[in-house]
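Worksheet: the structure to be examined is printed underneath.
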Amino acid sequence: MVERKINMRVFIAIEFNNEVKEHIADIGYRINKYRIGGNYTPKDNLHMTIKFIGEVEKNSIKKIQSAMDKTVQSIPSFNIVLNNIGRFIQRGKSLIWMGVSEGTQDLLALHEALDNNLSVHGFPRDRRSFTPHITIGRKINLKLPFNALEENLDLEPMPAHIDSLTLMESTRVEGKLLYIPIYRSPLN
């Protein structure tokens with residue numbers, strides 16, 4: 001009998017505590033009155049992707065964990081500040097995100113080290129530059145220009161402590177998208 005390969009869709013992320021998630025979810029609620037259509041990220045799914053990996057065979061997970069563990073050995077925990085929004089345009093619709101004003105260099109160093117350590121195990125390096133962000137909503141059509149939205153939101157800075165990397169599985173359960181933590185590597 002042939003053994004069936006089991007694949008998982010995975011990514012490596014930074015998770016946030018409930019206070020940070022509430023803050024970001026509140027911004028989504030405030031954006032709601034300025035939008036027409038789109039989907040918001042559920043509060044429980046709010047995270048910052050450091051490295052999207054995609055579909056992998058289950059037996060590749062140990063290699064990913066090894067790369068994560070090697071990465072965190074040389075990087076101490078650090079703080080960031082979230083206090084701006086941005087957007088990417090995808091097929092004429094906006095992906096709206098929460099951005100980082102302090103700690104960007106630490107996030108870039110973390111991403112670079114992780115990308116290097118994963119490449120040793122055969123995972124492709126990112127082709128695009130890394131923009132640290134937390135997705136608030138996808139396919140958002142706004143009733144007003146984006147710069148007017150930024151002005152209307154009057155954002156307060158939100159500090160966050162970064163102390164680990166988490167390997168997440170992206171899966172659907174009863175039609176609902178879930179991000180399930182399957183491994184954590186604490187930063188030094």
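The values are calculated or read from the model by the stated rules, or taken from the named source; none is laboratory data. Just so it is clear, the structure is predicted and the values come from calculations on it, not from any experiment. Cβ sites come from the backbone with ideal geometry, for glycine too, and all protein chains shown count toward neighbours. Areas reflect the complete protein model, heavy atoms only, side chains present, ligands, DNA and RNA absent. Shrake-Rupley method; radii C 1.70, N 1.55, O 1.52, S 1.80 Å.
Please report the net charge: other residues with Cβ closer than 11 Å to the Cβ of A160, K and R +1, D and E -1.
Charge balance near A160 sits at -3.
Given the convex hull of the Cα atoms of the stretch 140-188, what is a quarter of its surface area in nm²?
6.3 nm²
Each residue of the stretch 43-56 in turn: what ³J(HN,Hα) in whole Hz from Karplus with 6.51, -1.76, 1.60 and θ = phi - 60°, glycine and Pro shown as x?
With coefficients 6.51, -1.76 and 1.60, one gets 3, 5, 9, 5, 6, 10, 6, 9, 8, 7, 9, x, 6, 9 Hz.
Could you bin all the Cα-Cα distances of the stretch 82-129 into 10 Å bins starting at 0 and give me the percent of pairs in each, rounded to whole numbers?
22, 34, 34, 10
Taking a temperature of 4 °C and a viscosity of 1.567 mPa s, what whole-number D in µm²/s does Stokes-Einstein yield for the stretch 1-50 with Rh from Kirkwood over alpha carbon pairs? Intermediate values should be presented prior to the final figure.
Working: Rh = 13.6 Å.
Value of D from the Cα-based Kirkwood radius: 95 µm²/s.
Where does the chain land at 222 nm, in deg cm²/dmol rounded to the nearest 500, when only DSSP H runs of n ≥ 4 count, each adding -39500 (n - 2.57), divided by all residues?
Calculated mean residue ellipticity at 222 nm is -9000 deg cm²/dmol.
Over 26 Å apart: what share of the alpha carbon pairs of the chain falls there, rounded to a whole percent? Write out the running numbers ahead of the final one.
Working: 6153 of 17578 pairs.
Value for the chain: 35 percent of Cα pairs lie more than 26 Å apart.
Using alpha carbons only, what's the Rg to Rh ratio of the stretch 35-77 with Rh from Kirkwood?
For the stretch 35-77, the value is 1.14.
Based on the Cα atoms of the stretch 109-185, what semi-axes does the equivalent ellipsoid have, where each is the square root of 5 times one gyration tensor eigenvalue, given in whole Å with the largest first?
30, 19, 15
Tell me which trypsin sites (Lys or Arg not before Pro) from the stretch 99-144 have a DSSP coil assignment and no more than 16 other beta carbons within 10 Å of their own.
In loop regions of the stretch 99-144 (DSSP not H, G, I, E or B), the sparsely surrounded trypsin sites (Lys or Arg not before Pro) are R125, R127, R128, K143.
K93: net charge of surrounding residues, Cβ under 10 Å, Lys/Arg +1, Asp/Glu -1, itself excluded?
+4
Are any of the pairs K43/K93; K21/K139; K21/K176; K70/K176 more than 23 Å apart by Cα-Cα distance, and if so, which?
K70/K176
Just to confirm, what accessible area per residue do you get for the chain at 1.4 Å probe, in whole Å²?
Roughly 57 Å² per residue, with all protein chains present.
If I compute solvent accessible area with a 1.4 Å probe over the protein chains, what percent of it on the stretch 18-163 is carbon and sulfur?
C and S atoms contribute 46 percent here.
At 0.36 nm per residue, and after removing the present C-alpha to C-alpha distance, how many nm does the segment from N79 to I36 gain when stretched out fully?
Numbers: separation 43, 0.36 × 43 = 15.48 nm, distance 3.46 nm.
Fully extending the segment from N79 to I36 adds 12.0 nm.
Would you please report the Å³ per residue occupied by the convex hull of the alpha carbon atoms in the stretch 55-100?
Cα convex hull per residue, to the nearest whole number: 110 Å³.
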